[in-house]
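To keep things clear, I will list the structure first and then write my remarks on it.
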Amino acid sequence: MSELLKLSACQMRQGLISGDFSSTELTQAHLDQITRTNSQLNSFLKVTEESALELAKNADQLLKKSGDMSPPLTGIPIAVKDMLLTKDVTTTCASRILENFIPPYDATAVKLVKDAGAVILGKTNLDEFAMGSSNENSAFGPVRNPWDLDRVPGGSSGGSAASLASGQAPLALGTDTGGSIRQPASFTGTCGLKPTYGRVSRYGAVAFASSLDQIGPMARCIQDLALLLSAIAGYDPKDSTSLNVEVPDYLKSLDSAQILAKSGLRIGIPREYFEVGIAPDIEKPIRSAIAKLESLGATLVDISLPTSRHALAVYYILAPAEASSNLARYDGVRYGHRATNPQNLSDMYERTRQEGFGDEVKRRILIGNYVLSTGYYDAYYRKAQQVRTLIIEDFSKAFSSDCDIIVAPAAPTTAFKLGEKTVCPMEMYLADIFTIPVNLAGLPALSLPCGRDRNGLPVGLQMIAPPLKETTLLQAAYLLEQELTFPSTHCI
Amino acid sequence: MTHYEAVIGLEVHAQLSTKSKLFASSSTESGAPANTHTDPVTLGLPGCLPVLNRQVVDYAIKLGLATNCKIRRHSTFERKHYFYPDLPKGYQISQYAEPLCEHGYLDVLLDQESFRVGITRIHLEEDAGKSIHLDHDQSSIVDLNRAGVPLVEIVSEPDIRTSLQAGAYMRELRKIVRYLGVCDGNMEQGSLRCDANVSVRPVGESKLGTKVEIKNLNSFRFVEKALDFEIARQIEVLQHGGEIVQETRLWDEAKSATKSMRSKEMAEDYRYFPDPDLPPLVVETDWIDRIAQDLPELPSQVEKRFVLDYGIEPSVAQALASERAYVDYLEEVAESISNYTLIANWMNTLLFALLNRQNIEFADLGISPQNFAELLKLIESDTISGAIGKKVFEEMFTSGESASQIVKRQGLEQISDTGELQAAIEEVIASSEEQVQQWKDGKEKVWSFFVGQVMKKTKGKANPQVVNQLLRELLDKE
């Protein structure tokens with residue numbers, strides 16, 4: 001594997017500016033790695049080789065002309081989850097119903113990374129419509145974990161996570177609705193951040209659950225997360241839920257991370273997140289990481305988030321409800337798959353959606369319609385929204401009086417084997433038990449690798465911050481990362 | 001025999017005439033080629049998001065204030081789900097639990113008597129696209145130009161009792177939306193639509209009967225005719241001991257009857273829930289105040305002013321107040337000549353008659369208020385007679401010249417000179433022995449003959465009052 005593939009994006013930036021290598025070389029190296037490894041991993045659904053090399057060529061010209069004045073991602077390769085619209089490049093959401101859908105516009109986040117000069121390598125695989133925790137729900141085959149090809153990379157941003165861990169790309173965009181960035185990051189030993197709800201525009205991100213979805217950066221180190229987050233964060237008038245708040249220079253803020261520890265960073269340890277059955281293999285590296293933070297000057301505070309135990313139930317009412325609504329547009333009328341030779345309108349609708357959607361998607365649409373239907377709305381949807389308020393209040397109270405950051409495991413297990421949890425959907429749903437409360441509360445959170453289990457599989461530590469405190473989050477993670485040694489990629 | 005009364009409520013949808021759609025940037029202009037006023041939001045593409053067009057809220061608040069509604073400080077948008085090809089997202093963004101305006105009323109005049117209709121609510125919602133069914137081909141095509149166009153739904157209390165009241169209410173609503181400039185009120189083209197809910201009950205009964213919804217009422221006449229038919233139908237059913245089925249019926253103009261729509265297997269469950277893509281709409285008092293300040297005078301206020309301040313006859317006042325454009329025209333004319341009753345009467349007869357005869361819109365009249373004022377001044381000052389004035393007006397329309405130009409060119413000044421007129425009358429009398437004899441014999445009817453002859457002799461320019469006076473004098477002398 002080329003040495004270039006082991007660099008972080010920040011190192012690539014330096015190298016490109018210094019002229020150590022060109023973007024064309026860099027891009028070609030990554031394309032070669034994809035060619036070498038994609039049939040095993042199935043992480044990329046589409047590789048846009050021609051346009052990538054074209055972009056790399058333009059990047060090289062720009063770098064020659066402007067050097068370090070060029071936009072921050074100039075010439076750096078990036079993978080984009082196939083849940084984000086890319087103009088003129090198929091966007092499938094890993095579903096048959098959008099198998100040949102070619103969008104006429106870019107998602108705002110995609111446009112921003114293009115404007116920042118990044119070289120898009122292609123679209124990565126995911127659980128269909130982002131519904132899943134293992135990337136086994138894709139209509140185009142599962143993704144495999146570079147650490148162990150018999151195991152899942154996590155989901156739903158499995159393709160993006162696997163591409164990072166295998167050196168296919170240094171940066172990736174993912175989406176996170178119930179943990180879909182953080183959990184695969186933890187399964188693949190990479191880093192992933194879900195921003196505060198509204199921090200990054202959702203325009204052009206195919207909607208799964210509108211009040212929970214966020215696009216976020218994925219990378220192999222904290223500095224890279226900061227670099228990518230700066231590029232995509234910001235107000236977008238095309239998204240009515242977008243926050244009109246200035247974007248700090250996240251990368252620069254890492255320089256003052258040390259100050260954070262010295263100034264008495266308080267770390268909340270939520271007891272409910274450690275009472276649940278976590279494998280001892282997970283708890284050990286997490287406790288050890290927490291101890292490291294303490295040794296750096298942080299104070300540990302025992303906190304309680306009692307309503308979190310209802311979070312899974314709340315999520316599996318609200319997310320399917322919103323999904324059933326957001327997926328109503330896939331009816332075969334204007335775009336996407338349409339059943340052939342329909343007998344009448346009903347037949348067209350029924351067969352189109354029957355043929356186009358996978359089982360998990362259908363399952364969630366059915367649940368969603370049920371909880372929104374007359375007679376059940378109050379008992380399910382409204383009740384779930386009310387409990388959601390309590391979950392938000394739990395976090396709010398903890399942050400306002402007790403702590404600056406909350407840490408917890410990112411997932412209750414390490415990467416499980418393919419097929420291990422697909423028999424019973426509930427078992428799969430439990431994979432997100434630590435990440436879901438965060439989406440319900442709209443908080444920023446990240447996962448970074450903090451150790452390995454007895455099989456050598458990565459364990460991820462989750463950090464959660466108050467709304468719009470991505471800076472604190474990244475600084476705390478950066479501090480910890482400096483103390484841990486972890487290989488940045490797993491070669492296959 | 002039991003006497004029944006009808007209980008009617010109307011649901012009116014008005015298309016708001018903002019430039020762009022409710023949540024999308026495409027144009028709302030009608031008449032464009034199919035599917036050209038589209039964008040990702042209108043098409044319901046994956047990843048699109050709605051953004052509220054605040055001008056729509058301005059328009060809705062205007063309408064709410066004009067109908068005495070309370071404007072909610074906090075209202076929400078909800079998704080209403082059903083599947084149909086002209087509904088791109090598979091749901092319509094509407095308002096359900098928290099509409100923008102509530103608890104208003106409209107005072108309506110019918111035959112000079114006022115009745116009040118409560119307005120339960122006014123809310124915002126998106127229009128759907130248009131489906132066109134092609135019989136020859138057993139297929140349908142969809143035009144999404146109209147999808148996402150802003151609508152207000154105005155729901156009345158069931159305070160209406162007769163079809164004529166319903167018609168009067170609709171006409172008043174149409175007047176108001178046109179006055180406010182929020183909707184062009186065109187029922188034929190569908191920018192104003194009406195569904196009626198009607199039930200009957202024995203007079204004196206306070207409980208409501210089973211209501212029937214009637215759709216496809218795209219003119220005031222259809223509203224009135226459909227209600228008449230349906231009320232009679234329901235009464236007949238009940239008188240024969242039957243029961244009213246709660247259903248939706250369509251007005252069939254060809255058969256002059258309402259008929260039952262093909263019943264659906266199941267009632268729709270719209271699965272309403274608050275749209276998570278849109279924050280709640282917060283309308284602070286200063287927003288409302290700004291709109292209230294700029295609210296134009298309403299038709300009923302104009303009518304009142306015309307009658308009380310200007311002494312214009314009520315039915316004439318109503319005709320003139322029926323369109324903002326007429327009022328503006330009248331006020332402009334009044335800047336040059338302050339005789340309001342004269343202006344009102346001449347507009348009401350001369351101007352409207354011309355529009356009817358020529359079958360043109362008021363906007364295409366082509367006679368400026370200043371020119372009209374000049375004509376009226378000539379009539380008021382007796383420079384020309386009323387009869388001549390009518391002819392001059394026609395000439396003004398066809399030639400585009402001003403009144404004074406035409407009068408001068410054709411020498412139409414009224415002859416009021418007693419000497420000249422006396423001479424003309426004497427000539428007529430001299431050459432009409434037979435009629436003079438008839439007059440002496442007491443035949444009053446022959447008067448008009450003499451007047452006619454004098455007018456002929458003077459080419460219509462004789463001043464009628466002077467003629468009347470002199471003619472009587474001279475005839476009496478005979």
Matching residues, the stretch B:177-219, being in a helix (DSSP H, G or I) and open to solvent by 40 Å² or more (accessible area, probe 1.4 Å): B:Arg178
Single condition A:Lys46 does not satisfy, out of (1) among the charged types (D, E, K, R); (2) within 24 Å of A:Ser201 (Cβ to Cβ); (3) free of Cβ contacts under 8 Å to residues at least 24 places away in the same chain: (3)
Selected residue [over 28 Å from B:Ile360 (Cα atoms), within 49 Å of the chain's Cα centre (by Cα) and touching a residue at least 12 places away in the same chain (Cβ under 8 Å)] from B:Asp417, B:Asp382: B:Asp382
Tally of residues being among the hydroxyl-bearing types (Ser, Thr, Tyr), out of contact with any helix residue (DSSP H, G or I) (no Cβ under 8 Å at 6 or more places or on another chain) and at pLDDT below 95 across the stretch A:2-58: 0
Selection within the stretch B:460-478 - assigned to a helix (DSSP H, G or I) and either closer than 12 Å to B:Ile415 by Cβ or out of contact with any helix residue (DSSP H, G or I) (no Cβ under 8 Å at 6 or more places or on another chain) (or both): B:Pro464, B:Gln465, B:Val466, B:Val467, B:Gln469, B:Leu470, B:Arg472, B:Glu473, B:Asp476, B:Lys477
Qualifying positions in the stretch B:49-63 - open to solvent by 40 Å² or more (accessible area, probe 1.4 Å) and either among the polar types (S, T, N, Q) or in a helix (DSSP H, G or I) (or both): B:Arg54, B:Gln55, B:Asp58, B:Lys62
Output for the stretch B:432-478, where each listed residue is hydroxyl-bearing (Ser, Thr, Tyr) and open to solvent by 50 Å² or more (accessible area, probe 1.4 Å): B:Ser448
Test result for A:Ala291, away from chain B (no Cβ under 14 Å), closer than 21 Å to A:Leu473 by Cβ, open to solvent by less than 20 Å² (accessible area, probe 1.4 Å) and not in a strand (DSSP E or B): no
Filter result for A:Pro285 (away from chain B (no Cβ under 14 Å), open to solvent by less than 60 Å² (accessible area, probe 1.4 Å) and either part of a helix (DSSP H, G or I) or under 30 Å from A:Leu265 (Cβ atoms) (or both)): yes
Candidates B:Phe23, B:Phe83 - the one that is within 14 Å of chain A (Cβ to nearest Cβ) and open to solvent by less than 10 Å² (accessible area, probe 1.4 Å): B:Phe23
Every residue from the stretch B:42-75 that is closer than 22 Å to A:Asp236 by Cβ and away from every other protein chain (no Cβ under 11 Å): B:Asn53, B:Arg54, B:Gln55, B:Val56, B:Val57
Subset of the stretch B:220-256 [assigned to a helix (DSSP H, G or I), more than 14 Å from B:Ile8 (Cβ to Cβ) and acidic (Asp, Glu)]: B:Glu236
Test: residue in the stretch A:165-176 that is without any contact (Cβ under 8 Å) to a residue 60 or more places away in the chain, within 28 Å of A:Arg452 (Cα to Cα) and away from chain B (no Cβ under 14 Å): no
Selection count, the stretch A:97-116, where residues are away from chain B (no Cβ under 14 Å) and open to solvent by 20 Å² or more (accessible area, probe 1.4 Å): 3
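Residues are listed down the side, and each one gets a yes or a no for (1) open to solvent by less than 10 Å² (accessible area, probe 1.4 Å); (2) in contact (Cβ under 8 Å) with a residue 60 or more places away in the chain; (3) within 14 Å of chain B (Cβ to nearest Cβ); (4) among the charged types (D, E, K, R):
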| residue | (1), (2), (3), (4) |
| --- | --- |
| A:Arg199 | yes, yes, no, yes |
| A:Ser210 | yes, yes, yes, no |
| A:Arg220 | no, yes, no, yes |
| A:Ser240 | no, no, yes, no |
| A:Val245 | no, yes, no, no |
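Can you say whether A:Thr86 is in contact (Cβ under 8 Å) with a residue 12 or more places away in the chain and within 14 Å of chain B (Cβ to nearest Cβ), as far as the supplied structure shows?
yes
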Subset of the stretch A:261-273 (residues that are surrounded by 15 or more Cβ atoms within 10 Å (Cβ to Cβ) and at pLDDT below 95): A:Ala261, A:Leu265, A:Glu272, A:Tyr273
Selection count, the stretch A:311-349, where residues are more than 10 Å from chain B (Cβ to nearest Cβ), in a helix (DSSP H, G or I) and over 22 Å from the mean Cα position of the chain (by Cα): 1
Flag if A:Ala384 is more than 10 Å from chain B (Cβ to nearest Cβ) and either part of a loop (DSSP other than H, G, I, E, B) or within 24 Å of A:Gly132 (Cα to Cα) (or both): yes
Index of the failed condition, A:Thr124 passing every other in (1) polar (S, T, N, Q); (2) more than 14 Å from every other protein chain (Cβ to nearest Cβ); (3) over 28 Å from A:Arg13 (Cβ atoms): (3)
Failed condition for A:Arg454, given (1) surrounded by fewer than 20 Cβ atoms within 10 Å (Cβ to Cβ); (2) within 20 Å of A:Tyr250 (Cα to Cα): (2)
Checking A:Thr299 against (1) touching a helix residue (DSSP H, G or I) at 6+ places or on another chain (Cβ under 9 Å); (2) free of Cβ contacts under 8 Å to residues at least 60 places away in the same chain; (3) open to solvent by 60 Å² or more (accessible area, probe 1.4 Å), the condition it does not meet: (1)
Of residues in the stretch B:86-97 being surrounded by fewer than 23 Cβ atoms within 10 Å (Cβ to Cβ), assigned to a loop (DSSP other than H, G, I, E, B) and under 31 Å from the mean Cα position of the chain (by Cα), the one nearest to the other protein chains (Cβ to nearest Cβ): B:Asp86
Single residue of A:Leu468, A:Leu440, A:Leu480, A:Leu473 found to be over 28 Å from A:Leu41 (Cα atoms), among the aliphatic types (A, V, I, L, M) and open to solvent by 10 Å² or more (accessible area, probe 1.4 Å): A:Leu468
Residue that is surrounded by the fewest Cβ atoms within 10 Å (Cβ to Cβ), among those in the stretch A:222-238 that are within 14 Å of chain B (Cβ to nearest Cβ) and touching a residue at least 60 places away in the same chain (Cβ under 8 Å): A:Lys238
Qualifying residue in the stretch A:353-365 (condition: of a type in the set (A, V, I, L, M), within 14 Å of chain B (Cβ to nearest Cβ) and open to solvent by less than 20 Å² (accessible area, probe 1.4 Å)): yes
Answer from B:Thr18, B:Thr36 - the residue that is in contact with a helix residue (DSSP H, G or I) (Cβ under 6 Å, 6 or more places away or on another chain), more than 13 Å from chain A (Cβ to nearest Cβ) and either at pLDDT below 95 or not in a strand (DSSP E or B) (or both): B:Thr18
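The values are calculated or read from the model by the stated rules, or taken from the named source; none is laboratory data. Worth saying up front: this structure is predicted, and the values here are computed from it rather than measured. FYI the Cβ positions are ideal-geometry reconstructions off the backbone, even for glycines, and counts take in every protein chain you see. Note: accessible area is taken over every heavy atom of the protein model, side chains too, but ligands, DNA and RNA are not part of it. Shrake-Rupley method; radii C 1.70, N 1.55, O 1.52, S 1.80 Å.
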